[in-house]
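The values are calculated or read from the model by the stated rules, or taken from the named source; none is laboratory data. Computed from a prediction, not measured in an experiment: that's the story for all the values here. Ideal geometry is used to build each Cβ from the backbone, glycine not excepted, and the neighbour counts take in all protein chains shown. Areas reflect the complete protein model, heavy atoms only, side chains present, ligands, DNA and RNA absent. Shrake-Rupley method; radii C 1.70, N 1.55, O 1.52, S 1.80 Å.
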Amino acid sequence: MATEKKPLYSIFTAVPGRYDLINRIFTFGLDESWRLKAARLCLESHPELILDLCCGTGDLAIRLAQLADYKTTLIGLDYSLPMLERGREKASHFSLKNSLTFINGDVTGLPFPDGYFDCIGISFAFRNLTYKNPKTQRYLAEIVRVLKKGGRFVIVESSQPPNPIIRKIDHFYLRTFVRWMGSYLSKNKPAYKYLTESASRFYTAEELGDLLVSAGFSKVAIKRLLFGATAIHVAVK
């Protein structure tokens, strides 16, 4: 992913404030409801230790800390310090029911022991770990390693609508409006070229499920959203 690393690193370190705004615009605010669904799936098994992987500005972690009606510990991890600072700032404005800690780290070497987490969640960042990324298997191995046996890995991510007509409309929207508006708002054209292309060329829900099984998960459930343009995968170790 050498050619994409620079624009991706740029957008995830230089524009954390605008990043939230851009996400709301692109999804018409639906990303918040999708993240809420993912958070509820994370909490179904009442996990005590939860990791928000590649947490960005902390939207999923904050939602989990708000929703959990029992004592749990949450950690948000990201490689972008500006994103983490934005996440800490956002969290300070909420009355959270549970402890939430943000730490800087990289998925190639997660700073946790084997079988540490009951649940790991990731929202709209899994594509960056797995789209034409030579480190994909290393990332997946680390995720499996730090998850307890029977633990859940919950992914909410863009996907491919099964209906070919809807898929063409989705791809057209990504490659026109999303690319243009993202480039304009972020002032980072290469990053949004990559992000829109990766979304339109990403795995189908079934292909992503197969990838998770091949990585070592015992079963994967799929929930499609918005005609399949987004999907939630719940993988169990």
Inset, instruction - Sequence neighbours fewer than 8 away in the same chain don't count; with that in mind, list the lysines whose C-alpha is under 18 Å from K189. - result: K5, K6
Legend entry - In Å², nearest 10: area of T136 left accessible to a 1.4 Å probe: 10
Inset, instruction - Go ahead and estimate [θ] at 222 nm for the chain from helices alone: -39,500 (n - 2.57) per DSSP H run with n ≥ 4, summed, over the residue count, rounded to 500. - result: -14500 deg cm²/dmol
Inset, instruction - Keeping every protein chain in place, order W180, W34 by accessible area at 1.4 Å, biggest value first, i.e. largest first. - result: W180, W34
Legend entry - Cα-Cα over 20 Å, subset of K37/K223; K132/K168; K149/K219; K132/K223: K132/K168; K132/K223
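I need to check one value: relative contact order of the chain, counting alpha carbon pairs closer than 8 Å and at least 6 residues apart, in percent.
Over the chain, the number comes to 20 percent.
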Inset, instruction - Enter the accessible area per residue of the chain (Å², integer; probe 1.4 Å; all protein chains in place). - result: 47
Inset, instruction - Give a residue-ordered list of calculated ³J(HN,Hα) values for the stretch 59-74 (Karplus: 6.51 cos²θ - 1.76 cosθ + 1.60, θ = phi - 60°; whole Hz; x for Gly, Pro). - result: 4, 5, 4, 5, 4, 5, 5, 6, 7, 4, 9, 9, 6, 9, 10, 10
Inset, instruction - Would you kindly find the accessible area of R167, with a 1.4 Å probe and non-protein molecules such as ligands, DNA and RNA excluded, rounding to the nearest 10 Å²? - result: 80
Legend entry - Residue order for L147, L226 - accessible surface, 1.4 angstrom probe, largest first: L226, L147
Legend entry - At 1.306 mPa s and 10 °C, Stokes D of the stretch 77-132 from Kirkwood alpha-carbon radius, µm² per second: 120
Legend entry - Amide hydrogen neighbours beyond the local backbone of D52, cut-off 5 Å, H modeled: I75, G76, L77, G121
Legend entry - Positive-end residue, the stretch 41-146 charge dipole about Cα centroid, Cβ charges, pick of Y139, L74, G121: Y139
Legend entry - Accessible area (Å², 1.4 Å probe, nearest 10) - R175: 90
Inset, instruction - With all distinct Cα pairs included, what does the Kirkwood hydrodynamic radius of the chain come out to in Å, to one decimal, could you say? - result: 17.8
Legend entry - 15 Å cut-off, amide nitrogen to a point 7 angstrom out along K219 Cα→Cβ, residues in the stretch 27-46: 45
Legend entry - Percent accessible area from carbon and sulfur atoms, the stretch 134-181, protein chains only, probe 1.4 Å: 66
